[in-house]
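*Asks:* First the structure, then my questions, so here it is.
The values are calculated or read from the model by the stated rules, or taken from the named source; none is laboratory data. Keep in mind that what you see is a predicted model, and the values were worked out from it rather than measured. Every residue, glycine among them, receives a Cβ derived from its backbone with ideal geometry; neighbour counts consider all protein chains shown.
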Amino acid sequence: MAAQDLFSFQGKVYLAQRLSSGRPGPLRWVGNAPQLQLALEVQNSDKTESFSGNRLLYGRLIQSKTANLNLTLDEATPENLAEGLYSLPATLPAGAVSNELLPVGLKAGEMVALDRGWISEVSLTDSANPSVTVPAPKWWTESASAGLLGLRKVEGFTQPFKATYQHGETVNIALFNTPPQERMLFLDGINTVNGRRARVTLYRVAFNPIEQLDLISEEWGSLQLSGATLFDESRSLDPDLGGFGRIEMVRS
(Lines give C-alpha, C1' and ligand atoms only; values in the text may rest on other atoms or scores of the structure.)
Protein backbone atom coordinates (compact mmCIF):
# COMPACT_ATOMS: atom_id res chain seq x y z
CA MET A 1 0.00 0.00 0.00
CA ALA A 2 1.28 3.44 -0.93
CA ALA A 3 0.17 7.04 -1.11
CA GLN A 4 -0.93 6.58 -4.71
CA ASP A 5 -3.69 4.27 -3.42
CA LEU A 6 -5.47 7.14 -1.70
CA PHE A 7 -8.76 7.90 -3.39
CA SER A 8 -11.40 10.52 -4.03
CA PHE A 9 -13.82 9.42 -6.72
CA GLN A 10 -15.86 11.32 -9.24
CA GLY A 11 -17.51 10.12 -12.42
CA LYS A 12 -20.57 9.79 -14.59
CA VAL A 13 -23.57 7.86 -13.29
CA TYR A 14 -25.77 6.06 -15.82
CA LEU A 15 -29.12 4.36 -15.27
CA ALA A 16 -30.70 1.78 -17.55
CA GLN A 17 -33.98 -0.06 -17.40
CA ARG A 18 -33.37 -3.67 -16.48
CA LEU A 19 -34.77 -5.82 -19.26
CA SER A 20 -36.55 -9.14 -18.75
CA SER A 21 -33.37 -10.85 -19.97
CA GLY A 22 -31.48 -9.34 -17.05
CA ARG A 23 -29.41 -7.16 -19.35
CA PRO A 24 -29.51 -3.34 -19.39
CA GLY A 25 -31.47 -1.33 -21.91
CA PRO A 26 -30.09 1.97 -23.30
CA LEU A 27 -28.02 3.90 -20.77
CA ARG A 28 -29.11 7.34 -19.58
CA TRP A 29 -26.60 9.76 -18.07
CA VAL A 30 -28.25 11.39 -15.04
CA GLY A 31 -26.16 14.57 -15.24
CA ASN A 32 -24.17 16.01 -12.38
CA ALA A 33 -24.28 13.63 -9.41
CA PRO A 34 -22.22 15.00 -6.50
CA GLN A 35 -22.88 11.98 -4.27
CA LEU A 36 -23.19 8.25 -4.79
CA GLN A 37 -22.95 6.12 -1.66
CA LEU A 38 -23.15 2.36 -1.20
CA ALA A 39 -23.85 1.14 2.35
CA LEU A 40 -23.47 -2.58 3.06
CA GLU A 41 -25.07 -4.05 6.15
CA VAL A 42 -25.65 -7.44 7.72
CA GLN A 43 -28.16 -8.50 10.36
CA ASN A 44 -26.62 -10.89 12.87
CA SER A 45 -27.93 -13.32 15.42
CA ASP A 46 -25.33 -13.66 18.16
CA LYS A 47 -24.80 -16.62 20.47
CA THR A 48 -23.14 -16.23 23.86
CA GLU A 49 -21.54 -19.12 25.66
CA SER A 50 -22.86 -20.39 28.98
CA PHE A 51 -19.87 -22.24 30.43
CA SER A 52 -17.36 -19.56 31.49
CA GLY A 53 -19.63 -17.49 33.67
CA ASN A 54 -18.95 -14.38 31.51
CA ARG A 55 -21.48 -14.94 28.69
CA LEU A 56 -18.87 -14.21 26.01
CA LEU A 57 -19.64 -14.03 22.29
CA TYR A 58 -19.40 -17.60 21.06
CA GLY A 59 -20.93 -17.57 17.61
CA ARG A 60 -22.46 -15.28 15.03
CA LEU A 61 -25.07 -16.21 12.45
CA ILE A 62 -25.56 -13.82 9.53
CA GLN A 63 -29.31 -13.63 8.96
CA SER A 64 -29.42 -11.15 6.07
CA LYS A 65 -27.23 -8.99 3.87
CA THR A 66 -28.37 -5.67 2.42
CA ALA A 67 -26.81 -3.12 0.10
CA ASN A 68 -28.40 0.32 0.34
CA LEU A 69 -27.82 3.18 -2.05
CA ASN A 70 -27.89 6.98 -1.82
CA LEU A 71 -27.71 9.05 -5.00
CA THR A 72 -27.86 12.85 -5.22
CA LEU A 73 -28.84 14.39 -8.55
CA ASP A 74 -28.40 18.08 -9.32
CA GLU A 75 -30.42 18.23 -12.53
CA ALA A 76 -34.22 18.14 -12.46
CA THR A 77 -34.78 16.52 -15.84
CA PRO A 78 -38.16 14.82 -16.37
CA GLU A 79 -36.42 11.44 -16.28
CA ASN A 80 -34.60 12.19 -13.02
CA LEU A 81 -37.78 13.44 -11.38
CA ALA A 82 -39.64 10.38 -12.58
CA GLU A 83 -37.22 8.07 -10.75
CA GLY A 84 -38.22 9.51 -7.38
CA LEU A 85 -41.87 10.21 -8.16
CA TYR A 86 -42.66 6.72 -9.51
CA SER A 87 -43.73 8.24 -12.81
CA LEU A 88 -43.59 7.53 -16.51
CA PRO A 89 -43.09 10.92 -18.23
CA ALA A 90 -45.55 11.49 -21.05
CA THR A 91 -45.36 14.12 -23.79
CA LEU A 92 -48.60 16.06 -24.17
CA PRO A 93 -48.62 17.59 -27.66
CA ALA A 94 -49.34 21.20 -28.43
CA GLY A 95 -52.85 21.94 -29.54
CA ALA A 96 -55.96 24.09 -29.22
CA VAL A 97 -58.80 24.20 -26.70
CA SER A 98 -62.21 25.60 -27.57
CA ASN A 99 -64.83 26.87 -25.14
CA GLU A 100 -63.27 25.60 -21.92
CA LEU A 101 -65.77 26.42 -19.18
CA LEU A 102 -64.52 28.66 -16.37
CA PRO A 103 -65.97 28.43 -12.83
CA VAL A 104 -69.42 29.92 -12.32
CA GLY A 105 -69.92 33.03 -10.21
CA LEU A 106 -66.59 34.73 -10.84
CA LYS A 107 -66.16 38.22 -9.46
CA ALA A 108 -64.08 41.13 -10.69
CA GLY A 109 -60.45 40.77 -9.64
CA GLU A 110 -60.55 36.98 -9.31
CA MET A 111 -58.19 34.64 -11.18
CA VAL A 112 -58.71 31.19 -12.66
CA ALA A 113 -56.41 28.40 -13.89
CA LEU A 114 -56.98 26.89 -17.33
CA ASP A 115 -56.55 23.16 -17.89
CA ARG A 116 -53.34 23.66 -19.87
CA GLY A 117 -50.36 25.98 -19.62
CA TRP A 118 -48.04 27.81 -22.05
CA ILE A 119 -51.07 29.47 -23.57
CA SER A 120 -51.38 31.94 -26.45
CA GLU A 121 -54.08 33.42 -28.69
CA VAL A 122 -56.52 33.49 -25.80
CA SER A 123 -60.09 34.72 -26.22
CA LEU A 124 -63.06 34.76 -23.83
CA THR A 125 -66.76 34.54 -24.55
CA ASP A 126 -69.76 34.32 -22.26
CA SER A 127 -72.70 31.88 -22.20
CA ALA A 128 -75.34 34.16 -23.71
CA ASN A 129 -77.22 33.00 -26.80
CA PRO A 130 -75.71 34.19 -29.05
CA SER A 131 -72.45 34.37 -27.08
CA VAL A 132 -70.71 37.69 -26.49
CA THR A 133 -66.95 38.13 -26.79
CA VAL A 134 -65.39 39.55 -23.65
CA PRO A 135 -63.14 42.45 -24.76
CA ALA A 136 -59.45 42.09 -23.88
CA PRO A 137 -59.41 45.16 -21.55
CA LYS A 138 -61.89 43.37 -19.26
CA TRP A 139 -59.53 40.46 -18.45
CA TRP A 140 -55.78 39.82 -18.33
CA THR A 141 -53.25 37.00 -18.59
CA GLU A 142 -51.53 36.66 -15.23
CA SER A 143 -49.18 33.89 -16.37
CA ALA A 144 -49.05 32.36 -19.83
CA SER A 145 -46.88 29.43 -18.67
CA ALA A 146 -49.22 28.57 -15.78
CA GLY A 147 -52.38 29.29 -17.77
CA LEU A 148 -53.69 31.86 -15.27
CA LEU A 149 -56.30 34.44 -16.27
CA GLY A 150 -57.82 37.30 -14.28
CA LEU A 151 -61.17 39.08 -14.69
CA ARG A 152 -61.38 42.88 -14.48
CA LYS A 153 -65.10 43.15 -15.10
CA VAL A 154 -67.89 40.56 -15.05
CA GLU A 155 -71.02 42.75 -15.00
CA GLY A 156 -73.07 42.65 -18.21
CA PHE A 157 -71.97 39.11 -19.16
CA THR A 158 -73.64 35.73 -18.75
CA GLN A 159 -71.51 33.24 -16.83
CA PRO A 160 -69.86 30.82 -17.07
CA PHE A 161 -67.19 32.35 -19.28
CA LYS A 162 -65.57 30.17 -21.96
CA ALA A 163 -61.88 30.26 -22.90
CA THR A 164 -60.47 29.40 -26.30
CA TYR A 165 -56.70 29.22 -26.65
CA GLN A 166 -53.59 27.55 -28.04
CA HIS A 167 -51.24 25.65 -25.70
CA GLY A 168 -47.68 24.42 -26.00
CA GLU A 169 -46.22 20.92 -25.86
CA THR A 170 -45.35 19.78 -22.34
CA VAL A 171 -43.84 16.79 -20.54
CA ASN A 172 -46.24 15.46 -17.93
CA ILE A 173 -44.78 13.85 -14.79
CA ALA A 174 -47.65 12.43 -12.76
CA LEU A 175 -46.97 11.36 -9.17
CA PHE A 176 -47.25 7.65 -8.44
CA ASN A 177 -48.62 6.66 -11.83
CA THR A 178 -46.43 3.55 -12.15
CA PRO A 179 -44.89 0.91 -9.89
CA PRO A 180 -41.17 1.46 -9.14
CA GLN A 181 -38.98 0.50 -12.06
CA GLU A 182 -35.92 -1.67 -11.55
CA ARG A 183 -32.75 -0.06 -12.83
CA MET A 184 -29.21 -1.08 -13.49
CA LEU A 185 -26.66 1.49 -12.36
CA PHE A 186 -23.25 2.12 -13.88
CA LEU A 187 -20.53 4.43 -12.61
CA ASP A 188 -17.74 5.37 -14.97
CA GLY A 189 -15.48 6.62 -12.21
CA ILE A 190 -12.11 8.24 -11.87
CA ASN A 191 -9.87 8.43 -8.84
CA THR A 192 -8.98 12.12 -8.84
CA VAL A 193 -5.89 11.42 -6.72
CA ASN A 194 -4.09 9.33 -9.32
CA GLY A 195 -6.27 9.43 -12.44
CA ARG A 196 -7.05 5.72 -12.42
CA ARG A 197 -10.41 4.66 -13.78
CA ALA A 198 -12.94 2.42 -12.06
CA ARG A 199 -16.21 0.89 -13.20
CA VAL A 200 -19.04 0.10 -10.81
CA THR A 201 -22.07 -1.97 -11.82
CA LEU A 202 -25.14 -2.57 -9.66
CA TYR A 203 -27.46 -5.12 -11.23
CA ARG A 204 -30.87 -4.45 -9.64
CA VAL A 205 -31.55 -1.06 -8.08
CA ALA A 206 -34.95 -0.17 -6.60
CA PHE A 207 -35.33 3.49 -5.61
CA ASN A 208 -37.60 4.74 -2.85
CA PRO A 209 -39.88 7.74 -3.49
CA ILE A 210 -38.28 11.14 -2.93
CA GLU A 211 -38.79 12.01 0.72
CA GLN A 212 -38.63 15.75 0.05
CA LEU A 213 -38.68 17.83 -3.11
CA ASP A 214 -37.91 21.51 -2.56
CA LEU A 215 -40.28 23.29 -4.92
CA ILE A 216 -39.20 26.69 -3.55
CA SER A 217 -35.74 27.18 -2.09
CA GLU A 218 -33.09 29.84 -1.57
CA GLU A 219 -30.32 27.34 -2.31
CA TRP A 220 -29.37 25.05 -5.17
CA GLY A 221 -31.93 22.30 -5.56
CA SER A 222 -31.10 18.60 -5.61
CA LEU A 223 -32.89 15.28 -5.82
CA GLN A 224 -32.02 12.92 -2.97
CA LEU A 225 -32.65 9.34 -4.08
CA SER A 226 -32.28 6.39 -1.76
CA GLY A 227 -32.92 2.76 -2.42
CA ALA A 228 -31.62 -0.77 -2.28
CA THR A 229 -29.52 -2.99 -4.49
CA LEU A 230 -31.44 -6.24 -4.85
CA PHE A 231 -30.04 -9.74 -5.18
CA ASP A 232 -29.59 -10.94 -8.77
CA GLU A 233 -29.80 -14.72 -8.78
CA SER A 234 -28.84 -14.96 -12.47
CA ARG A 235 -25.37 -13.55 -11.72
CA SER A 236 -24.83 -14.91 -8.23
CA LEU A 237 -23.38 -18.26 -9.36
CA ASP A 238 -20.49 -16.49 -11.08
CA PRO A 239 -17.97 -15.47 -8.38
CA ASP A 240 -16.60 -12.78 -10.69
CA LEU A 241 -20.01 -11.10 -10.87
CA GLY A 242 -21.53 -11.62 -7.43
CA GLY A 243 -25.20 -11.31 -6.64
CA PHE A 244 -25.46 -7.55 -6.05
CA GLY A 245 -22.85 -5.78 -8.14
CA ARG A 246 -19.15 -5.36 -8.64
CA ILE A 247 -16.32 -2.83 -8.77
CA GLU A 248 -13.77 -3.21 -11.56
CA MET A 249 -10.35 -1.59 -11.43
CA VAL A 250 -7.36 -2.00 -13.74
CA ARG A 251 -4.48 -3.62 -11.86
CA SER A 252 -1.55 -1.22 -11.88
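*Asks:* Kindly establish whether Tyr58 is within 25 Å of Glu233 (Cα to Cα) and either modelled with pLDDT of 95 or more or surrounded by 11 or more Cβ atoms within 10 Å (Cβ to Cβ) (or both).
*Replies:* So Tyr58 does not fit the description; no.
*Asks:* With a cut-off of at least 1 residues that are modelled with pLDDT of 95 or more and more than 30 Å from Arg251 (Cβ to Cβ), name the strands (runs of 3 or more DSSP E) lying wholly within region 87-199.
*Replies:* Values: elements: 90-92, 95-101, 111-113, 119-125, 139-143, 148-151, 162-167, 170-172, 183-191.
Filter on region 87-199 gives 90-92, 95-101, 111-113, 119-125, 139-143, 148-151, 162-167, 170-172.
*Asks:* Only one of Ile190, Ile173 is touching a residue at least 60 places away in the same chain (Cβ under 8 Å), β-branched (Val, Ile, Thr), more than 18 Å from Thr77 (Cα to Cα) and touching a strand residue (DSSP E or B) at 6+ places or on another chain (Cβ under 9 Å); which?
*Replies:* Result of the check over Ile190, Ile173: Ile190.
*Asks:* Could you count how many residues in region 200-251 are under 27 Å from Ala76 (Cα atoms) and part of a loop (DSSP other than H, G, I, E, B)?
*Replies:* Here the count works out to 16.
*Asks:* Here's something else I'd like to know. Is it true that some residue in region 46-62 is in contact with a strand residue (DSSP E or B) (Cβ under 9 Å, 6 or more places away or on another chain), in a loop (DSSP other than H, G, I, E, B) and in contact (Cβ under 8 Å) with a residue 12 or more places away in the chain?
*Replies:* no
*Asks:* List pairs: first in region 10-23 and closer than 23 Å to Gly189 by Cα and touching a residue at least 40 places away in the same chain (Cβ under 8 Å), second in a strand (DSSP E or B) and among the aromatic types (Phe, Trp, Tyr), Cβ under 7 Å, 6+ apart or cross-chain?
*Replies:* Short answer, once both residue conditions are applied: Lys12/Trp29; Tyr14/Trp29; Tyr14/Phe186.
*Asks:* Sticking with this structure for a sec: Can you go through Thr158, Thr133 and tell me which one is in contact (Cβ under 8 Å) with a residue 24 or more places away in the chain, polar (S, T, N, Q) and either closer than 30 Å to Arg246 by Cβ or not assigned by TED's automatic domain parsing to the domain that holds Leu69 (or both)?
*Replies:* Thr158 is the lone residue from the list that is in contact (Cβ under 8 Å) with a residue 24 or more places away in the chain, polar (S, T, N, Q) and either closer than 30 Å to Arg246 by Cβ or not assigned by TED's automatic domain parsing to the domain that holds Leu69 (or both).
*Asks:* A further question follows. Could you tell me whether region 123-133 includes any residue that is within 41 Å of the chain's Cα centre (by Cα), over 30 Å from Leu15 (Cα atoms) and crowded, with 16+ Cβ neighbours inside 10 Å?
*Replies:* Just the residues of region 123-133 that are within 41 Å of the chain's Cα centre (by Cα), to begin with: 123-125.
With over 30 Å from Leu15 (Cα atoms) added as a condition, the list becomes 123-125.
Going one step further and asking which of them are crowded, with 16+ Cβ neighbours inside 10 Å, we end up with 124-125.
Within region 123-133, one or more residues are within 41 Å of the chain's Cα centre (by Cα), over 30 Å from Leu15 (Cα atoms) and crowded, with 16+ Cβ neighbours inside 10 Å.
*Asks:* Could you grab me the full set of residues in region 6-45 that are basic (Lys, Arg) and either at pLDDT 95 or above or outside any strand (DSSP E or B) (or both)? Even if it seems obvious, please write down each step before you answer.
*Replies:* First, the residues of region 6-45 that are basic (Lys, Arg): 12, 18, 23, 28.
Lys12, Arg23, Arg28 - these are the residues of region 6-45 that are basic (Lys, Arg) and either at pLDDT 95 or above or outside any strand (DSSP E or B) (or both).
*Asks:* Specify which of the listed residues (Gly189, Gly243, Gly227, Gly221) is in contact with a helix residue (DSSP H, G or I) (Cβ under 8 Å, 6 or more places away or on another chain), within 20 Å of Asn70 (Cα to Cα) and small (Gly, Ala, Ser). It would help to see each step written out before you state the result.
*Replies:* On the way: Gly189 fails: in contact with a helix residue (DSSP H, G or I) (Cβ under 8 Å, 6 or more places away or on another chain); Gly227 fails: in contact with a helix residue (DSSP H, G or I) (Cβ under 8 Å, 6 or more places away or on another chain); Gly221 fails: in contact with a helix residue (DSSP H, G or I) (Cβ under 8 Å, 6 or more places away or on another chain).
On inspection, the qualifying residue turns out to be Gly243.
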